[in-house]
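Below is one structure, written out as structure tokens; comments come after it.
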Ligand SMILES: [Zn+2]
Ligand SMILES: [Zn+2]
Ligand SMILES: [Zn+2]
Ligand SMILES: [Zn+2]
């Protein structure tokens, strides 16, 4: 990719300009979970569409109707297109322009909606890394190509949503509907909305765990009871629920539901060798955990536990006493919440059946007169792409060119449900190409994107498109 | 007690006047748990003191200082005295003039702070039965004696507090301090702040369970975690806590902590015969429970479970996810709350030791790297008085005279901590003499006191004092 030197030079020359663009975007407090900020979210969508148009791209603001259960308009999805050259490949990119809530009083060192450039290069502000920086990276790449007089190597389709931090309401339907329409030309998909595993080595992400979320309702009495009056003479829903929840997983993370382990894909010999080379240390993990309470002492078992093994977490109980203090209530109806992170080759339906059967069997053994109902609340599948696809190869070459080393090929323990949706809607390979690093604090106070990651990351996105154009379609 | 006929006649003649007095008291929304209502609570204390003075009694408003942790003045305790005749016995009575919160919008059929007289005789309003009706009963008794020209049979000491529904802040200290001062002359104590076991037969109450409240803190991670990122690789405090809580009690109410059962007083042959005659049916219990989920099918086992057996209830968990919806958090620190209702001959210290040891042993078996801390939050002892004391005998005779039948001698499953305090402060026998019935709904919407219970109850309080004066001091 010979034109890259010119492109990189232009990106460096425009560094301050690109930081100003990020400053403008951060200044719009597009908090999707806060109804009173909805006009700001919409304003942010319009800002993006205007910027795209100024760069000569087509941009449509697609309305999604009302937010279910409210009178609020959903923020529009920005559908953009740059280039219609039939001789070029077409890459579909996704990002989101809404952000997590933030208040200075949460403990921020700086105003969250004023981008602050620190001496050490940190660009601090809400949305800097999640996900305004990466979204603007695509716009920066277009602009730098134009200024440097370098032909843009691909046609770019863009899908930027404004509800990612609040459930992506309406997006799945839109993506499925546009799969063979607006997104029809896409040869591959690239999503930049995750992070490096650490702070040193870049990575490409090809797998995510799924998540099945469950509720266990136990009820009996007609209303909350006084434990003095009824303690010892009535079956208490909390007693039953806590027993049921205690049958699900051991303190060492072993899932006790029969049939789950049998569904998990066996570890192959090839896979065994994948983990040791990954840039990841237990020290960094202990730091992000804030304690040394990891189950495993070694990196390989820990990465496998996060990436390719299922896990079960108990989240809490609805309906019980939860406040500080000492209330002597017997709750009449309690709902236990837990979820299972799923991996290949677990099937959603099969897993649900096993979980419900386990709970029904366990409840029978309690001999309680209370009533138990267990059910899945929502289920999202795991996702694993082929990292040998030209889409990944192009990104790997771009990474090596920009950062000077091969990226790690990683998976993640969490889920980004829209990844599978794009894969299903387009039938094409999906790549997760992160810009920021593990210490950016996406959903925390003092969220930041390092200037280096923003500027080199902008180079990376452009370089990726150049290698995409060159890569043989295998 | 020959003067009782005249007294009863006068009470009947004053029925409307007494209902008006209750109407005035209910109209003062003396909600002690609501800071904004504090002036109303204070106003209610002044109202009582004024009424007592009008009746020729002495009344002092004893200030208790600030409510701990706030800038609010505690409501004053009304200390009253009626009569200083050295040849008469002295009875100390206790009641409270504050009430539970109430809003029409909670589901009340009538305005909670307007006494409504229903056709069927129900006097509806917040505080009608808990505890303004019984408190005014003593004032009514004084007034009726005066109007009928009948000599008041005893000296009456009164202690009416305004913080009962909000922790009785400061009362214990005052009672202990006045035990040998203001309360020094008391020959016995009578508290009217509980209820008949059912709706038909009156009762006298001679026992209460105690309550030891415990917290189990489990912590590990430095902050709440994302279950996608950390699920399966970190020890989760919720998993440990739920396991610990599941070791405490069976779904059938059996306490699994070693050494608790051994502390419980054995059932005597005499006691065996006590339960069958009690006016109590499983049908009524199922009604008040709102379901048929009782552990036992028969009355005797059920009453024993409530009155003389310990019980353990799990109340909830602080720090976990408790809201509706589906949040995939791994809580970093969770605090389980449970309590044990205690009975003779359980000792507070011994019980605490057994509970903490049980939890520490159980935690060790979990093999978790998290940290566990278990401790008692507050402990209040059980109380059992001798129902063969002249104080109870006088009340039983009064009940037979007013209601036409012997009362049941009952215990209760709940605790009224001030009962033991009065016993310890005065060294005298304490009697619980209820005015209202089991369906009054003391802390619920549509609280009521039946007119019959209010008027006959006023007769009962007066008659009790007459029999007290006659009863041989055995
Ligand atoms: Zn994001
Ligand atoms: Zn995010
Ligand atoms: Zn009360
Ligand atoms: Zn009460």
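Here is how the numbers come out for the structure above:
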quantity	calculated
Given (1) modelled with pLDDT of 95 or more; (2) closer than 30 Å to residue B:314 by Cβ; (3) buried (at least 21 other Cβ atoms within 10 Å of the Cβ), number of the condition residue B:364 does not satisfy	(3)
Residue ID - nearest to ligand 1 (Cβ to nearest atom), chosen from residues in segment B:439-452 that are touching a helix residue (DSSP H, G or I) at 6+ places or on another chain (Cβ under 7 Å) and assigned to a strand (DSSP E or B)	B:448
Some residue of segment B:170-189 being within 16 Å of ligand 4 (Cβ to nearest atom), closer than 14 Å to residue B:457 by Cα and modelled with pLDDT of 95 or more	no
Residue in segment B:430-438 that is within 16 Å of ligand 4 (Cβ to nearest atom), surrounded by fewer than 23 Cβ atoms within 10 Å (Cβ to Cβ) and either more than 14 Å from every other protein chain (Cβ to nearest Cβ) or not in a strand (DSSP E or B) (or both) present	yes
Out of B:336, B:316, sole residue that is within 8 Å of chain A (Cβ to nearest Cβ) and assigned to a strand (DSSP E or B)	B:316
Residue that is within 16 Å of ligand 1 (Cβ to nearest atom) and either under 30 Å from residue B:64 (Cβ atoms) or buried (at least 19 other Cβ atoms within 10 Å of the Cβ) (or both), where the choices are B:207, B:170, B:228, B:253	B:228
Within segment A:389-408, considering residues that are touching a residue at least 60 places away in the same chain (Cβ under 8 Å) and not in a helix (DSSP H, G or I), the one farthest from residue A:203 (Cα to Cα)	A:389
Residue check, residue B:346 within 7 Å of chain A (Cβ to nearest Cβ), buried (at least 21 other Cβ atoms within 10 Å of the Cβ) and part of a loop (DSSP other than H, G, I, E, B)	no
Residue count, segment B:270-308 (criterion: facing chain A (nearest Cβ under 8 Å) and in a loop (DSSP other than H, G, I, E, B))	6
Condition met for residue B:311 (within 7 Å of chain A (Cβ to nearest Cβ), modelled with pLDDT of 95 or more, touching a strand residue (DSSP E or B) at 6+ places or on another chain (Cβ under 9 Å) and within 23 Å of residue A:234 (Cβ to Cβ))	yes
Any chance residue B:153 is away from ligand 4 (no atom under 16 Å from the Cβ), crowded, with 24+ Cβ neighbours inside 10 Å, in contact (Cβ under 8 Å) with a residue 24 or more places away in the chain and more than 16 Å from the chain's Cα centre (by Cα)	yes
Qualifying residue in segment A:220-233 (condition: in a helix (DSSP H, G or I) and away from ligand 3 (no atom under 16 Å from the Cβ))	yes
Boolean, residue B:215 is within 10 Å of chain A (Cβ to nearest Cβ), more than 30 Å from residue A:212 (Cβ to Cβ) and touching a residue at least 24 places away in the same chain (Cβ under 8 Å)	yes
Lone unmet requirement of (1) over 29 Å from residue B:402 (Cα atoms); (2) surrounded by 18 or more Cβ atoms within 10 Å (Cβ to Cβ) for residue B:88	(1)
Segment A:173-200, residues that are buried (at least 19 other Cβ atoms within 10 Å of the Cβ) and either within 16 Å of ligand 3 (Cβ to nearest atom) or closer than 24 Å to residue A:278 by Cα (or both)	A:190, A:191, A:192, A:193, A:194, A:195, A:196, A:197, A:198
Residue check for residue A:325: at pLDDT 95 or above and either closer than 23 Å to residue B:376 by Cα or in contact with a strand residue (DSSP E or B) (Cβ under 7 Å, 6 or more places away or on another chain) (or both)	no
Among the candidates B:74, B:123, residue that is touching a residue at least 12 places away in the same chain (Cβ under 8 Å) and either closer than 16 Å to residue B:39 by Cα or within 16 Å of ligand 2 (Cβ to nearest atom) (or both)	B:74
Test for residue A:116: is it over 30 Å from residue A:187 (Cβ atoms) and either at pLDDT below 95 or more than 16 Å from ligand 4 (Cβ to nearest atom) (or both)	yes
Exclusive hit being surrounded by 13 or more Cβ atoms within 10 Å (Cβ to Cβ) and within 16 Å of ligand 4 (Cβ to nearest atom), set B:99, B:93, B:77	B:99
Count of residues meeting criterion [at the interface with another protein chain (Cβ under 9 Å from one of its Cβ atoms), without any contact (Cβ under 8 Å) to a residue 24 or more places away in the chain and assigned to a helix (DSSP H, G or I)] in segment A:243-269	1
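Okay, residues lined up against (1) away from chain B (no Cβ under 14 Å); (2) away from ligand 1 (no atom under 16 Å from the Cβ); (3) within 22 Å of the chain's Cα centre (by Cα):
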position	(1), (2), (3)
A:33	no, no, yes
A:38	yes, yes, yes
A:50	yes, yes, no
A:55	yes, yes, no
A:76	yes, yes, yes
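The values are calculated or read from the model by the stated rules, or taken from the named source; none is laboratory data. Note that the structure is a prediction, hence the values are computed from the model and not measured. Every residue, glycine among them, receives a Cβ derived from its backbone with ideal geometry; neighbour counts consider all protein chains shown.
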